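Undergrad: So that we are looking at the same thing, I have put the structure below in structure tokens.
The values are calculated or read from the model by the stated rules, or taken from the named source; none is laboratory data. For clarity, every value in this text was computed on a predicted model and none was experimentally measured. Positions of Cβ are generated from backbone atoms using ideal geometry, with glycine treated the same way; all protein chains shown enter the neighbour counts. The protein model used for the area step is the full one, side chains on, heavy atoms only, and it has no ligands, DNA or RNA in it. Shrake-Rupley method; radii C 1.70, N 1.55, O 1.52, S 1.80 Å.
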Amino acid sequence: MEPREEIAIVGIGCRFPGSANSPEEFWALLREGRDAIIEVPPHRANLMEVYDPDPKVPGRSYLRRGGFMDGIDVWDADFFGVSPREAAHIDPQHRVLLEVAWEALEDAGQDMDRLAGTRTGVFVGISTHDYSDTHCDPANRALLDSHSNSGNATSIAANRISYLYDLRGPSLTVDTACSSSLTATHLACNSILAGECDVAIVGGVQMQINPELTIGFCKANMISLTGECRAFDASANGYVRSEGAGAVVLKRLSAAIADGDDVYAVIAGSAINQDGRTNGMTVPSADAQEAMLREALASARLSATDVQYVEAHGTGTPVGDPLETQALGAVFREGRAAGETCAIGSVKTNIGHLEAAAGIAGLIKTALCVQRRALPPSLNFDVPHPAIDFEGGHLRVVTALEPWPSAGRATAGVNSFGFGGANAHVILREAPAHAVHSTPTPDATATLIPLSARSPGALRDLARRYMTMLGGGDATSLVDVACAAAHRRAHHDHRLAITATTRDDAVDALDAFLAGEARATVAAGRRSDAAGKLAFVFSGMGPQWWGMGQQLRAENRVFREMLERCHEALKPHASWGLLDELARDEHTSRIAEPDLAQVTNFAIQVALAEVWKSWGIVPGAVVGHSAGEMAAAYTAGALSLEDAVKVSYHRSRLQSEALPGKIIAVGMGPEELTRLLADYGGELDLAAVNSPVSCTVAGGAEAIVALSERLQRDQVFARILSFAVA
């Protein structure tokens, strides 16, 4: 059976405890082995109103520690085009999903304007509804309005993302409790492979706003009495409730490579199933998990020994951990020699249990691990749980930051299960070498970096973030930064553009903008709604010189490809090659000879026009002067490229047969110039009127030189053009 195509993770957005609000911040937390679990903060005082250390007290919770996100009450509704009235009725879980989805798309370099109207799917894992419970409480009926239902329905968590970004693929919310977001990942991968969508946004979210669910979990003895997640440890006594949100952007690996996307990791396979009847509905089934793990390996066409690490569900419950590791050991010990192990860990020891968002947190952690080929420590593991057979299962817990345990392609599993018996597993692999894009060596030319935001304050914040990135240890080249800012970001109304040759130059320009200093390298303002009119003007002969266009040919793919097309179109007519002539050195260049000039100018002009068009700059009208008429005709669509090249070649050939002479550009009006030319006995002619104060004169070489000297003595602009015929 042919292996299924791998699915690339090309973008990540997250809001996790410990102020881990980006992939970089999350990785730093993991790498440093930080514990993000804290005492319930003062602004969540309502969670402590029901606190009692005695688990037996009715209606009370013994939770006093947890994982918390920053600023769940802060949301820029205007950025998403949502009115303040509607925003007040939207579940904060929906709001943060919009944010992390946007950030994941930006991280993936997906321009939202170009994504609109495409078959992009949205798959969201969400389970709790604290805000809805409060909002729809009978005591608050007077506060209900037309936005209440859509603001709190769990289906809208996915649908609102599709609606606001105008995405046309599948859009659905998944609730399988703690396996929700990993189940959503499995469904998204299958949807992409089935052709239902080309790109998928997968997210998960969990917030603890009210204490009622916590009371219930405390009464079920699921919550840790000590407020620590001690996965796989003998002292494990329950999990720590936490909140957070994460999102990833998925697409076929082949599409990611074709689009030049950076790939964090690839999903090689996945599987989901259900425990069925167990000793209790909340008690996991080792047999069901084992069957699912084998199915996931089969879907990835991998063996157990191919997997070096598993990000376990690892909640730190005395029942769940032994049953999960029993299944992991039964599968991943197969084929391993004595002493060989499969490493395991749990992100819940860092940030707690995000419930519906737990799977996406584990997925993001593992994607960062395989990308960086490193395993961060799983915390709070001191004494192995006596019910876990680590040796027999060939398992070991990662307790310190370590390099990837294999020299081959990094491969890992991510495990998740819900308290109703819904299991999910995803297998991640390191991106193949041909999917990792090398950074180009920046040149010494100035680079334009365009930034934009939806408000002046947001633009300043963005400038600060770019300053931090460019001034820090990030190795991304300035060229890549500029390219991503120009082509892989949405462009908003408030805009800033800087030019820089080095990273230090860019930091200096951004600092000047923030300080309000005027610099030639800094331009800022707001996009005008006025529809401006744009025309391209194609000049005639005269400006050609040796080596023209060669730097742009080397650096710009669009320019280069158009020159190559012109070169091929000229072959049936000319005995010389366009690209060969353009590449000659100064001493052998024939670029100014009449039988070459018009064709080479034509090629340069239409190639430049293609470059402008590739940047989205399309003319509403074109004007062609003299030899530039063919370029204008082609750009307007009046001539095919082959016909335009043919006309340019023969026009140039015929002109080369004309009488020898010269042409001079003169800064003088036609009437005054005509009177002056009368002094030359018919040797000179008024060849063209370019403007009321600019004309061209043609004639014999000696007469042209004499006219030039006379005009210069009179301090009138005069320039003899590079022509061999008049």
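Undergrad: Taking only DSSP H segments of four or more residues, each worth -39500 (n - 2.57), what value at 222 nm results for the chain once the sum is divided by all its residues, to the nearest 500 deg cm²/dmol?
TA: Using -39500 (n - 2.57) per qualifying helix, the result is -10500 deg cm²/dmol.
Undergrad: Sticking with this structure for a sec: In whole Hz, what ³J(HN,Hα) sequence does region 173-180 give by Karplus (6.51, -1.76, 1.60; θ = phi - 60°), x for Gly and Pro?
TA: Karplus values, whole Hz, x for Gly and Pro: 10, 10, 10, 10, 6, 5, 9, 4.
Undergrad: May I pose another question? So for region 396-518, averaging the separation of alpha carbon pairs under 8 Å that are six or more residues apart and normalising by length, what relative contact order in percent results?
TA: Once normalised by length, the contact order is 25 percent.
Undergrad: Further question on the same structure: Just to confirm a number: summing +1 for Lys and Arg and -1 for Asp and Glu over residues other than HIS385 whose beta-carbon lies under 12 angstrom from that of HIS385, what do you get?
TA: Neighbour charge sum, excluding HIS385 itself: -4.
Undergrad: Let me ask something else. Set the Förster distance to 41 Å, then compute FRET efficiency between ASP504 and ALA255 from the Cβ-Cβ distance, nearest 0.05.
TA: Working: r = 37 Å, r/R0 = 0.89.
Efficiency at R0 = 41 Å is approximately 0.65.
Undergrad: On to the next question. List, in order, the whole-Hz ³J(HN,Hα) value for each residue of region 458-474 obtained from phi through the Karplus relation with A = 6.51, B = -1.76, C = 1.60 and θ = phi - 60°; use x for Gly and Pro.
TA: In residue order, the calculated couplings are 5, 5, 5, 4, 5, 4, 5, 5, 5, 4, 4, 5, 6, x, x, x, 4 Hz.
Undergrad: How many times 2.2 N^0.38 Å is the alpha carbon radius of gyration of the chain?
TA: 1.25
Undergrad: Below 18 Å, Cα to Cα, which lysines can LYS646 reach? Residues fewer than 8 away in the same chain don't count.
TA: The reachable lysines, counting only those whose Cα sits under 18 Å from LYS646, are LYS571.
Undergrad: Here is a follow-up. Please report, in debye to the nearest 20, how large the charge dipole of region 469-552 is about its Cα centre when each Lys and Arg carries +1 at its beta carbon and each Asp and Glu carries -1 there.
TA: 420
Undergrad: Roughly how compact is region 1-104, stated as its Cα Rg over 2.2 N^0.38 Å to two decimals?
TA: 1.45
Undergrad: Can you give the FRET efficiency to the nearest 0.05 for ASP461 and GLN712, using r as the Cβ-Cβ distance and R₀ = 41 Å?
TA: Between ASP461 and GLN712 the formula returns 0.15.
Undergrad: On full extension of the chain, what length is gained from ASP111 through VAL623, given 0.36 nm per residue of separation minus the C-alpha to C-alpha distance?
TA: On the way: separation 512, 0.36 × 512 = 184.32 nm, distance 3.28 nm.
Roughly 181.0 nm would be gained on extension.
Undergrad: Put +1 on the Cβ of each Lys and Arg and -1 on the Cβ of each Asp and Glu in the chain; which of THR214, THR226, VAL124 then has its Cα farthest toward the positive end of the dipole?
TA: VAL124
Undergrad: A follow-up question, please. Could you tell me the relative contact order of region 52-158? Use alpha-carbon pairs under 8 Å, at least six residues apart, and round to a whole percent. If you can, show how the numbers build up before the last one.
TA: Values: 57 pairs, mean separation 31.0, N = 107.
This gives 29 percent for region 52-158.
Undergrad: Hey, got the dipole for the chain? About the Cα centre, +1 on K and R Cβ, -1 on D and E Cβ, debye to the nearest 20?
TA: 340
Undergrad: Counting only C-alpha contacts under 8 Å and six or more residues apart, can you give the relative contact order of the chain as a whole percent?
TA: Working: 1567 pairs, mean separation 85.7, N = 726.
Reported as a whole number, the value is 12 percent.
Undergrad: Now, a different point. THR118's amide H: which non-local residues (gap 5+, or another chain) put their own amide H closer than 5 Å, with H modeled 1.01 Å from N in plane and none for Pro or chain starts?
TA: Residues meeting the amide H criterion: ARG168.
Undergrad: When a/c is below 1.5 the answer is rounded, else prolate if a/b is larger than b/c, else oblate, so apply that to region 62-108 with a ≥ b ≥ c taken from the square roots of the Cα gyration tensor eigenvalues.
TA: In terms of gyration-tensor shape, oblate.
Undergrad: In Å², what does the accessible area per residue of the chain work out to with a 1.4 Å probe?
TA: The answer is 43 Å² per residue.
Undergrad: Of the accessible area of the chain, with the probe set at 1.4 angstrom, what percent is carbon plus sulfur?
TA: The value for the chain is 53 percent carbon and sulfur by accessible area.
Undergrad: Read phi for every residue in region 632-640 and hand back ³J(HN,Hα) as whole Hz from Karplus 6.51 cos²θ - 1.76 cosθ + 1.60, θ = phi - 60°, with x for Gly and Pro.
TA: For region 632-640, the Karplus curve yields 5, 5, 5, 5, 7, x, 6, 10, 6 Hz.
Undergrad: Would you please give the FRET efficiency between ARG44 and ASP480, computed as 1/(1 + (r/R0)^6) with r the Cβ-Cβ distance and R0 = 41 Å, to the nearest 0.05? Walk me through the intermediate numbers first.
TA: Working: r = 41 Å, r/R0 = 1.00.
My answer for the efficiency is 0.50.
Undergrad: Further question on the same structure: Would you kindly state how much longer the chain becomes between LYS56 and ALA583 on full extension, computed as 0.36 nm times their sequence separation minus their alpha carbon distance, in nm to one decimal?
TA: So the extension gain works out to 181.1 nm.
Undergrad: So the label point goes 7 Å from the Cα of ALA291 along Cα→C-beta, right? Which residues of region 316-336 then have their backbone N under 16 Å from it?
TA: 327-328, 331
Undergrad: What pairs from LYS251/LYS613; LYS251/LYS365; LYS56/LYS365 go past 29 Å between their alpha carbons?
TA: Violating the 29 Å Cα-Cα cut-off are LYS56/LYS365.
Undergrad: Another question about this same structure. Along the positive direction of the dipole of the chain (beta-carbon charges: Lys, Arg +1; Asp, Glu -1; about the Cα centre), which of THR476, CYS342, SER146 reaches farthest?
TA: Towards the positive end, the residue furthest out is SER146.
Undergrad: Lys/Arg Cβ at +1, Asp/Glu Cβ at -1, dipole of the chain taken about the Cα centre: which of ILE90, ILE604, GLY18 is farthest positive-ward?
TA: ILE90
Undergrad: Sequence-distant or interchain residues sharing an amide H contact under 5 Å with ALA265, placed H: which?
TA: Distant-sequence amide H within range of ALA265: ILE9.
Undergrad: Rank these by accessible area, largest first, 1.4 Å probe: GLU334, GLU32.
TA: Sorted by accessible area, descending: GLU32, GLU334.
Undergrad: Under 1.5 on a/c is rounded, so check that first for region 317-383, then, if it is not, pick prolate when a/b is larger than b/c and oblate when it is not; a ≥ b ≥ c are the square roots of the alpha carbon gyration tensor eigenvalues.
TA: oblate
Undergrad: Give the whole-number value, in cubic angstrom per residue, of the convex hull volume spanned by the C-alpha atoms of region 585-699.
TA: 152
Undergrad: Full-extension gain between SER722 and ARG675, please, as 0.36 nm times their residue separation minus the C-alpha to C-alpha distance. It would help to have the intermediate numbers written out before the result.
TA: Values: separation 47, 0.36 × 47 = 16.92 nm, distance 2.53 nm.
Stretched out fully, the SER722 to ARG675 stretch lengthens by 14.4 nm.
Undergrad: Between VAL705 and LYS219, with labels modelled 7 Å along Cα→Cβ, what's the label distance in nm to one decimal, could you check?
TA: 10.8
Undergrad: Quick one: of the DSSP bridges fully inside the chain, what percent are antiparallel, nearest 5?
TA: Of the beta bridges lying entirely in the chain, close to 70 percent run antiparallel.
Undergrad: Continuing with the same structure: Given H placed 1.01 Å from N in the peptide plane, which residues other than close sequence neighbours of LEU451 have an amide H under 5 Å from its amide H?
TA: The list, which skips near neighbours in sequence, is LEU496, ALA497, ILE498.
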